[in-house]
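Colleague: Take a look at this one; I'll ask things after.
The values are calculated or read from the model by the stated rules, or taken from the named source; none is laboratory data. Just so you know, these numbers come straight off a predicted model, no measurement behind them. FYI the Cβ positions are ideal-geometry reconstructions off the backbone, even for glycines, and counts take in every protein chain you see. Side chains are part of the model used for accessible areas, which takes the heavy atoms of the whole protein and leaves out ligands, DNA and RNA. Shrake-Rupley method; radii C 1.70, N 1.55, O 1.52, S 1.80 Å.
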Amino acid sequence: MAEKAHVDTSHLAIGIDIGGTGTKVGLVDVEAGELVGKRCRLDTPADASAEGIVETVSAALGDLAAQCAEAGVIAAPEHLMKLPVGAAFPGVVKRGTVVFAGNLTQAIGAPIADLLREATGTAVHIANDADAAGLAEMTYGAGRKHRKESVIVTTLGTGIGTALFTSGRLYPYSELGHIMMGEEVAERQMSVAAMRRLELGFEEWGARLTTYYRELERLFFPDLFILGGGISKRSAEYLHHIDVKTPIRVAKLLNNAGIVGAGLLGANQGRPRVGRRKKG
Ligand code: BGC
């Protein structure tokens with residue numbers, strides 16, 4: 001890409017997606033709802049403390065800054081952190097502190113927002129990862145034309161994340177991957193990690209997902225389910241095994257929904273809203 005003297009960055013934000021296995025960062029075009037250039041990914045250390053998570057985020061941001069400056073998207077690496085920043089976290093973060101995490105349990109109790117601000121030198125707006133992915137899907141993806149309806153977005157991966165929307169508003173921090181189904185929480189039996197651990201085929205996994213989504217139907221009567229997470233790109237192999245009344249749509253942003261939603265959250269100054277806030 002050619003070098004630009006004055007680089008317009010008003011439509012850009014940084015999205016950070018902290019996951020149970022990988023931490024991904026990317027530059028997000030919040031008008032188009034897509035990544036600019038490639039995302040940078042590092043492994044999230046297993047049994048990571050909050051400090052370990054923050055170190056990983058900082059290292060990934062360093063890689064991103066170098067990549068963006070080289071591509072001419074920003075004038076110099078140190079300009080990256082002048083952009084708004086949002087982060088998606090796989091748990092519940094209230095008033096900047098982790099109060100619940102399905103997998104990254106070592107981080108519970110940590111003041112993650114302060115740690116990220118100290119490490120990056122800027123405010124980092126944080127949301128639950130499924131909420132961030134849901135915001136992206138409702139703004140740019142499979143939920144765009146369904147904003148007036150009641151929509152449940154689920155992300156299937158290491159855990160099961162959920163985001164609840166009604167009339168275009170998010171009810172944040174729903175943890176419906178943790179509803180009890182029999183003796184165990186749902187995500188222990190129905191996540192992608194569970195499918196792999198239990199060596200289930202797609203048909204059997206689909207049958208389990210049917211039980212799960214029927215339970216969500218019974219409790220919430222949604223108008224639409226949106227199925228997300230990296231596995232959505234293989235939806236042709238399992239979608240027909242999920243037998244529920246509610247229409248299902250496959251997420252459009254696939255594995256980038258978390259980063260894009262985090263970027264949108266940053267651009268909206270931490271307000272977890274569907275759509276982009278107009279500047280003015
Ligand atoms: C966490 C959720 C998260 C989901 C997907 C669950 O274990 O409790 O907060 O959204 O995994 O990462």
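Colleague: Among the residues in the range 35-48, are any more than 16 Å from the chain's Cα centre (by Cα) and in a helix (DSSP H, G or I)?
Modeller: No, the range 35-48 contains no residue that is more than 16 Å from the chain's Cα centre (by Cα) and in a helix (DSSP H, G or I).
Colleague: Being closer than 24 Å to ILE126 by Cβ and open to solvent by less than 50 Å² (accessible area, probe 1.4 Å), is that true of even one residue in the range 203-219? Step through it out loud before you land on a result.
Modeller: From the range 203-219, those closer than 24 Å to ILE126 by Cβ are none; that's our starting set.
No, because not a single residue in the range 203-219 is closer than 24 Å to ILE126 by Cβ and open to solvent by less than 50 Å² (accessible area, probe 1.4 Å).
Colleague: So which residues in the range 163-181 are exposed (fewer than 15 other Cβ atoms within 10 Å of the Cβ) and out of contact with any helix residue (DSSP H, G or I) (no Cβ under 8 Å at 6 or more places or on another chain), if there are any at all?
Modeller: Across the range 163-181, the qualifying residues are SER167, ARG169, TYR171.
Colleague: How many residues are open to solvent by 30 Å² or more (accessible area, probe 1.4 Å), within 10 Å of the ligand (Cβ to nearest atom) and not small (Gly, Ala, Ser) when one looks only at the range 184-197?
Modeller: Qualifying residue count for the region: 2.
Colleague: Which of the residues that make up the range 140-183 are within 16 Å of the ligand (Cβ to nearest atom) and more than 18 Å from ALA127 (Cβ to Cβ)?
Modeller: Those that are within 16 Å of the ligand (Cβ to nearest atom) and more than 18 Å from ALA127 (Cβ to Cβ): LEU156, ILE179, MET180, MET181.
Colleague: Could you list all residues from the range 97-118 that are away from the ligand (no atom under 16 Å from the Cβ) and either of a type in the set (D, E, K, R) or surrounded by fewer than 16 Cβ atoms within 10 Å (Cβ to Cβ) (or both)?
Modeller: The answer is PRO111, ASP114, ARG117, GLU118.
Colleague: Could you say whether any residue in the range 81-89 is on the phi > 0 side of the Ramachandran plot and either within 16 Å of the ligand (Cβ to nearest atom) or within 20 Å of the chain's Cα centre (by Cα) (or both)? Full working, then the answer.
Modeller: Step one: list which residues in the range 81-89 are on the phi > 0 side of the Ramachandran plot, which gives none.
No, the range 81-89 has no match at all.
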